[in-house]
Each structure stands twice: as C-alpha cells, then as structure tokens.
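The structure appears below as structure tokens.
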Amino acid sequence: MGTRVFTKPQAGQILYACMDAAIVFLSYYVLLNFRYSQGFADWQSLTGQFLLFAGLAIMVHVIVNWLSGVYSIVARYMSLTQGVRVGQAGIIAVAALFVLVVTWPLFPGSSGYLIPRSVAVAGGTLAIILMIATRFVRRIVHENTARPDQATERLLLVGAGQAADMLLREIKRTPSLGIKVVGLVDDRPEMRNMTLQGSPILGRVADITTIVDRVGATQIIVAIPSATAEEIVFIHRVCKPTGLPMKVLPSVTELVSGTVSLRDARDLDVRDLLGRPSVETDVGAISECIQGHTVLVTGGGGSIGSELCLQIAQYDPGKLVIIDHDESSLYDLHEHLQNMGFGSYSLYPANILNECKLERIFARHRPRAVFHAAAYKHVPLMELSPDEAVVNNVKGTWRVAEMAGRYGAERFVNISTDKAVQPASVMGATKRAGELTVRMLAERYPQTAYASVRFGNVLGSQGSVIPIFKSQIESGGPLIITHPEMTRYFMLIEEAVQLVLQAAIMLDESGPSDQGLMLSTFILEMGDPVSIVDLAQRMIDFYWKDESRTLGVEFSGLRPGEKLEERLVYPFESTVATSHPLVKRVHASSAPASGDGGGEHFETVLYDLISLAEDHGSPRAIREALVACVPDYVPREKPCLEKPRVLV
C-alpha cells in the first residue's frame, strides 16, 4: 500500500522528504563537479542551469517517492522488499528527469542541454543508492542500540540455510524476545568458519555436545524444514545428552506462507522421527467440490472423522452435516469448529443403524458428498464381539451408502483399511464386506460415484500404538510388542485425510472401469512399512530419560486376527497411477477367486450375515457367515510364540 496522496503528512515523513531533497541536490552537485573537474569555466557557466535542474529534480524525486509510498516505510524495520520500492521510485524519477534533459533543447529559448545527460543518469543513480542506504542505516542503528543487556535464552541453531537466516533476521528485529543466537552448526564443508547475519557457524552437528558446553546454549532449534526423518533422528540422538529443550520447524509443505518465524517452531514430536513423503493436494479442485455445497460425514467424532470435518471446514462448505453416536466427541468437535470461526454445521448425536433417523437427515440436507468414516476399528475387541463388528461395519456401511444413492449424492467415499486385503481378522473381514457392499450399491445407483479408500495405521489416532508405547515407557516398561518381525504402514491423520479429499475429487477422472460402474477403489501411498521394533526403539530414544538402566521389551506373540504384515492390494489387483503421486487407483487385473460383491448371491449371503449378527449368533457361526461373504477371510487362531524377553 502506498501513502495516501491527500493525507496530512506526519513529521517523520516531512523529515525524510527533506533528507531526500538534500540527497538529490548533493548527488547531482557532486557528479556535476566530477564531470567538470578540469574546467572551472564550463562549470561556472552552468551554475544557473544546474540550480534550475536541481529544483526540478528535488520536486520530481519527492513527488514520485510520495506517490510510491516510500514515505510510509518505517525505516527502522526496512526490508529488502522496501528497499526495492525505494529503488523503483528512484528509477521512475531519474527516467523522467532524463527525458526532461534530452528534450530541453526543443523548448523555445534554450541553447542546449539543461545539464549533461551523463550527469542526469549518474547523479540519479547516486541519489537512489544514498536514499536506500540512509534508511538501512536507521535500521542498523535501531537493531544495535535496542538490544537488551541480558538475553534470557541462548539459542543454538541447527542448519545455516534460508530458514536459519529468516529466524536470525526476526530475532534481530525483535529485541524484546530476549533471545541471543550463540551460533549455528551445519555439516556442509563450505560453511566452516563462516558467519550468517553476524552469528558464527561453530562446527558440525556431531559437535553439538561440545559446542553447547562452550557457548552456554539453553535451547536448540532445528532450522531445517526439509530435514528427513533420518536426519531428525540423528540430530535428536546427538542433542539428547545435552538435556536442552529441542524445537523443530514444520516441514516445507506445512509452511503455507513460504516464510519461517519463531512462532512456527514447535516441540519435537515422536512423529517427526518416523518420516513420510510430503503431501501436496489440489486445493483448487477440492475447494470447487466442497465450497458452497453440503457435505455429510459419519463417525465425525472419531480420529479420522473429526480431522475430515476440520479440513472440510477450511474449504467453506455451504453446510457440514456431522453424525456420530458419541455425544462427548461431537461436543469436542463443536468446540474445535467454533475456535476455527466456522459455524455452518449441524451435529447429530445419532446411530447410523437407525434407518428412520438417518433417512430424515439425508432427506433434510441432501448432501452433495458423503464421507463414511463410522466404523469399529480395534482388531482385538472385534474378535471378541464379531456380531457388533458386522452390524456396525457392514450394515452401517450399507445403510449410509444406500441413503447417499437414494437421495442423489454426487459422490460417496468409504474409509477402508489395509486390513481389508486378505483379511485375517473380523474387523478386516467386515471392512472388506463393506467394500463389496459399496460395489453392490454402485450397481444399484449409477448416478452416484462410489469409492473406497484403503490406507494403513494412522499415527495419533485413538488406540494407536504410539500412545500405548508412550504410556508403557512413562510407567517404566516393559514395552509389549507382539512379534519381532511385525511391520505396519503408518501415516499421519492429517496426511491421510488430505489424500482422502484428493481421492474424492479423482472420482471425476477417467480410469480403468469396473464393468462400467461409477465405482473406484483407491489406496494411499504409505511409504515403506515400518518395523514395530524400530518404532519402539525410536520411541525409547525419544521418551526414556533414565540413562542408568535399559528399558525392557517383551514379545507377547500375535493376537487373534493379527498378521505380521499388511498389504494394500489383493494378488488379483494392480495399481494405476492417478494425477496425484500419493494416490493410486486399484484395478482388478484378473477375476478374483472369490465373490466380488456383484449379483443376487452376494446380497443374499450379506443379508444372512447381518441377520445372524443382529440375532447375536455364536462367534463361530458369524465367522462362517463372514467367510461366505468374503471367501478370502481366513480366521487365525493365536499362534504360539516362544521368544525370551530382550532388552533394547
């Protein structure tokens, strides 16, 4: 924003205008003296013309500066961008003066150029440099005189790149922070013995322990937004013996503004040590799908459902309809949405199995998009209650997906899991039955685009391994791990939901057809499987503070329904690339050996399964009925694993 032309000038603005006038006069005067340093007579003959030109130059420079907003700049906070603004105004003024000098002979009564053309250009260039320099001098004086006598924090920065440079600039501009940067560390050889913004680069990351003792640092910030999980793990292990608090900057993709600030720094979290590919989504396409439209989310109070609601709210839907049977979690979500400043939502503490209530909700709101996240997800509990797993995960999916088709939803997205692939658990089998149910309804309601999205474990969700391990570590151990060879796919909840929204808009993309149905199955790129033992070791390194003893780890053996590793696709399926590198479309490359959710036979066995579960049949009978629906389901008994207690 420039200075308003007709506002009353402030004292500071008048002062800088007078200073610029003096700079302009002196710049042209000095350059004219250089031009005629050998010929005093020539210079003397130009005195009258120079005074005329100097008056015009002062007027042009000051007016252009005023119109360009130069006098609205607070000099003690002068930045490079504002320096460019001063330079641009100066160039415009010099160009106007040069045109004046060149065309001066055309005016009646003029005998030649007003002043030499070289002086018009060179003098103007000198004036621009001095106007910028004087403002930066004001900032330098401010930063060096306003610093407090004693800093309350002595900060050591890890990394000497652009992010560190931004932090150093902010600290210098804000003495009230009470922070003194005692130095930086960086592993790049070319940075040895260099300085950044006046702060010395003291050595490598491996030298941190020695450096901390030498400079008396009290806090460490890792100023490397692009750091990988392996790099963060190494830095943490080096810094841990110092006992200093350690903060990190968000990843590059999290820094939406592209700039770094001290307020972005947060405490290191164990999730930073796991590593995930960066997630970038097509914000424009997602916004087009959601903005101004009604979106319905089931299971909105759960880990994934609530994150779905929070992210959808950022795209300004016309109405966000949220269903969950847990009133407490709904109220927590209500508080979050209120804190975001989003108010266009309706909460329903309702059970998706209540068909009458569900139909009233759909009839009233007629959502454009439906995200079905309501499900029972805990494997061991569902092994104990297969009837409840079937009723909630299979019948519930059927009810919601059918309502979406019946009331003209444009798209329906079912949140599935990697445990639905070649399931060994009741939970996985019910989620696979849910996928096949969605396929059945895609045949029945071709005007609605149906999809299932499969992904693995989400970090930080209710009942996930991280809070369990953390609790065991804080209580002194031992850590209980089911099997030393177990691996799992992991993803942050925020990343998973971002990609679910991305998959939702991909229903519009052309892809391999599923027998002509408006049906898609997507998988999310989860990275490499993570060893649970390796995860446990990283968590011990992160949380365990007692260096006097090691923490015990016990292997308990696989629980019923658990597998050593999970897969995201069946052997008869293949993946096809989409427009997003972290979302793949699943294509049945060959006919499955089992049923595929089509035809009357599947609907019959599905109905029998649900009826048996509603009548609370025996667990064995329900599992047998599940096998009829999902022939790939192979119930597994708990294997015997003899493994001695080990220490890590």
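The values are calculated or read from the model by the stated rules, or taken from the named source; none is laboratory data. Small disclaimer: the values here were computed from a predicted structure and weren't measured. FYI the Cβ positions are ideal-geometry reconstructions off the backbone, even for glycines, and counts take in every protein chain you see. Just the protein is used for accessible areas: all its heavy atoms, side chains included, with ligands, DNA and RNA removed. Shrake-Rupley method; radii C 1.70, N 1.55, O 1.52, S 1.80 Å.
Side notes on the structure shown:
- Region 154-204: Cα Rg divided by the 2.2 N^0.38 Å rule of thumb: 1.07
- The chain - share of DSSP beta bridges that are antiparallel (%, nearest 5): 25 percent
- Cα gyration tensor shape for region 347-416, rounded if a/c is under 1.5, else prolate or oblate: prolate
- Remark: relative contact order (the chain) = 9 percent; criterion is Cα-Cα distance under 8 angstrom and separation of 6 or more residues.
- Rough spin-label spacing in nm, given labels placed 7 Å along Cα→Cβ, for Glu327 and Leu262: 4.6 nm
- Nearest 10 degrees, 0 to 90: helix 303-313 Cα axis against the chain principal axis: 40 degrees
- At R0 = 25 Å, FRET efficiency that the Cβ-Cβ distance of Tyr29 and Leu67 yields, to 0.05: 0.50
- Furthest towards positive pole of dipole, Pro349, Ser416, Ile171, structure part the chain, Cβ charges: Ile171
- Rounded to the nearest 10 degrees, the inclination of helix 355-365 to the longest alpha-carbon principal axis of the chain is 30 degrees.
- Isotropically averaged projected area of region 256-385, using the convex hull of Cα atoms (one quarter of hull area), nm²: 10.9 nm²
- Computed helical MRE - 222 nm, the chain, DSSP H runs ≥ 4 contributing -39500 (n - 2.57), nearest 500: -14000 deg cm²/dmol
- Sorting Tyr543, Tyr113 on solvent-accessible area from highest to lowest, probe radius 1.4 Å, gives Tyr113, Tyr543.
- Overall, the chain carries a charge dipole of about 2580 debye about its Cα centre when +1 sits on the Cβ of Lys and Arg and -1 on the Cβ of Asp and Glu, all other atoms neutral.
- Angle in degrees between helix 465-474 and the longest Cα principal axis of the chain, rounded to the nearest 10: 80 degrees
- R0 of 30 Å, Cβ-Cβ distance Met19-Met194: FRET efficiency to nearest 0.05: 0.25
- Efficiency of FRET from Cβ geometry, Gln291 and Ala11, R₀ 60 Å, rounded to 0.05: 0.80
- As a rough guide to protection, the peptides 446-453, 189-196, 18-25 ranked by mean Cβ packing within 10 Å, highest first, stand as 446-453, 18-25, 189-196.
- For the chain, the C-alpha radius of gyration sits at 1.33 times the compact-globule guess of 2.2 N^0.38 Å, with N the residue count.
- Region 357-513: C-alpha gyration tensor shape, a/c 1.5 cut-off, then a/b vs b/c: prolate
- For region 490-500, the Karplus equation 6.51 cos²θ - 1.76 cosθ + 1.60, evaluated at θ = phi - 60°, returns couplings of 10, 7, 5, 4, 4, 5, 4, 5, 4, 6, 4 Hz by residue, with Gly and Pro reported as x.
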